[in-house]
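Down below is the structure, laid out as structure tokens.
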Amino acid sequence: MTFSQHLKALLPLALRRRLISAVRILSPGRDASRPFTLGAERRSAAKARFEAVDWHDASPTRIIYALTPTASLRNVGDHAQAVAIHRWLGKHYPHEPVVELDKDVAIACIDEIRARVRPGDRIFLHSGGNLGDRGQWSEAGRRLIISTFPEHRIVSLPQTIFFSPTPGGRSEQEKSRAIYAGHPALTVLGRDRVSGQLADDLFPGAQTGTYPDFVLSLELEAFGLGTERPPQKGILACLRRDDESVLDERVRVDVARKLGPETTLFDTTLDDPIPSERRLDVLRDTLSLFAAHEAVVTDRYHGLIFAVICRKPVVVLPTVDHKLHSAIEWFSDIANVGFAETTEDVADTLARVRETRVVTYPDFNALYFDRLPASLEGLPAGPTPS
């Protein structure tokens, strides 16, 4: 058992959260002078994938959709965002085919990409929770694309933004600030109120805004899983098992046990890789699992979102940063979404949200995603095709 696992096992939840925050502040952090690099094997595999990219050469302009998850990223939420964004791009830019470049391809093949991108192409960067020093892989790719294509319109889709209050975190923040400031046609969107404010503060030269996670643009009926299905028995405990969790494995299992014998313990990070051609099937299977339960308890952002898509009562537990504390505001008008500050609050909160009978859900497409293309026209689209 590691030292952090011992702490999780011995300390109460509230104390663990305070200790984790203190450690992050006092920690010297990552070596800020060491840039992110891909290993030789990953670089070679990325170059092989680049050769298979369809560049839609017959089209005068394209959408370059970059920094999507590789198959090794086994979190369903990352791939669900890719599914949602592809659908959104197809809806709002129907005459511009999409060229997808995953994270490793974007980093390993930047010179080849530079040679293939045309003046009129638009560049969209994948959404997620990695704009900061904890997302070195993604942030390295984002910086590389922003610095490589100063004459192209670039939109960084909604991100949770977080730089640790450590020497390493502050150093990474200044690197991103300087690189983003050098781009004249950049949009940086936050995925929650705190991230949107950070985008305003850190990147004053960019167009900024705050939008929900793109997975909220998806509708259950599109997956053949209509909401008319009768209520199912049991609770789905979708609880994370990584360093963003404040729960150790013992507490995680104990939370699930206390929810009752018909509880299913699950995490959106799967055991197997998720190649791009399997994204849709994996997402459908995951939504089917959520739809088959009566209610959800989760500390996963996409656990919350999948529950909302499936119209299930849900109790949300916090993680180590502002991700869920701030993101929960998107759901403040949904009566069967509840927040439990500690595991001791789960039972009462769950009882309350399950008793809610009449629930109105926002139309996130009408409120946000269908309006975004018009908002993006506030900046130039880049040079026109020659």
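Coordinate-derived values only; no laboratory data. Values in this document were obtained by computation on a predicted structure and should not be read as measured data. As a convention, Cβ positions derive from the backbone with ideal geometry for all residues, glycine included, and neighbour counts pool all protein chains shown.
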Check: For the chain, modelled as a Gaussian network with Cα springs under 10 Å, which listed residue fluctuates most, E294, E172, E329?
Finding: E329
Check: How much length, in nm to one decimal, is gained on full extension between R311 and F36, taken as 0.36 nm per residue of separation minus their Cα-Cα distance?
Finding: 95.0 nm
Next item on the list: Grab the beta carbon distance between R193 and H92, set R0 = 22 Å, and tell me the FRET efficiency rounded to 0.05.
Entry: 0.35
Checklist line | Calculated from backbone phi, Karplus (6.51, -1.76, 1.60) coupling profile of the range 174-189 in Hz, x at Gly/Pro | finding: 5, 4, 5, 4, 5, 5, 5, 5, x, 9, x, 9, 10, 10, 10, 9
Notebook entry, point to check: For the chain, what is one quarter of the convex hull surface built on the Cα atoms, given in nm²?
Noted result: 19.1
Check: Who wins for biggest fluctuation among F369, F306, F223 in a Gaussian network model of the chain, springs between alpha carbons below 10 Å?
Finding: F223
Notebook entry, point to check: If you add up the charges near R357, with Lys and Arg at +1 and Asp and Glu at -1, over every other residue whose beta carbon is less than 14 angstrom from its beta carbon, what do you get?
Noted result: +2
Next item on the list: Write down the percent of antiparallel bridges among all DSSP beta bridges whose residues are both part of the chain, to the nearest 5.
Entry: 5
Next item on the list: Sum up the charges of everything whose Cβ sits under 13 Å from the Cβ of S332, counting Lys and Arg as +1 and Asp and Glu as -1, but leave S332 out.
Entry: -2
Check: Counting only residues 5 or more places away or on other chains, whose amide H sits under 5 Å from the amide H of N130 once H atoms are built in the peptide plane?
Finding: T160
Checklist line | Nearest-20 debye value, the chain charge dipole, Cβ charges on Lys, Arg, Asp, Glu | finding: 480
Item checked: Cα long-axis angle, helix 76-92 against the chain (0 to 90 degrees, to the nearest 10) -> 50
Margin query: Please report the net charge: other residues with Cβ closer than 11 Å to the Cβ of P373, K and R +1, D and E -1.
Written below: +1
Note to self: Can you pull out the trypsin sites (Lys or Arg not before Pro) in the range 333-378 whose DSSP state is coil and whose Cβ has at most 12 other Cβ atoms within 10 Å?
What the structure shows: R357, R371
Notebook entry, point to check: For the chain, what is the relative contact order in percent, using Cα pairs closer than 8 Å and at least 6 residues apart in sequence?
Noted result: 18
Next item on the list: Determine one quarter of the surface area of the Cα convex hull of the range 220-362, which equals its mean projected area, and express it in nm² to one decimal.
Entry: 8.7
Next item on the list: Name the residues whose placed amide hydrogens come within less than 5 Å of the amide hydrogen of G234, ignoring near sequence neighbours (fewer than 5 apart) on the same chain.
Entry: E294
Next item on the list: Report the full-extension gain for the segment K175 to E221: residue separation times 0.36 nm, less the Cα-Cα distance, to one decimal in nm.
Entry: 12.2 nm
Next item on the list: Quick one: grab the alpha carbon gyration tensor of the range 73-125, order the square roots of its eigenvalues as a ≥ b ≥ c, and give me rounded if a/c is under 1.5, else prolate or oblate depending on whether a/b is larger than b/c.
Entry: oblate
Note to self: Lysine pairs in the chain with Cα distance under 23 Å, only those 8 or more apart or on different chains: how many are there?
What the structure shows: 10
Notebook entry, point to check: If you take the beta carbon distance between D348 and R371 as r and set R0 to 35 Å, what does 1/(1 + (r/R0)^6) give as a FRET efficiency, to the nearest 0.05?
Noted result: 0.40
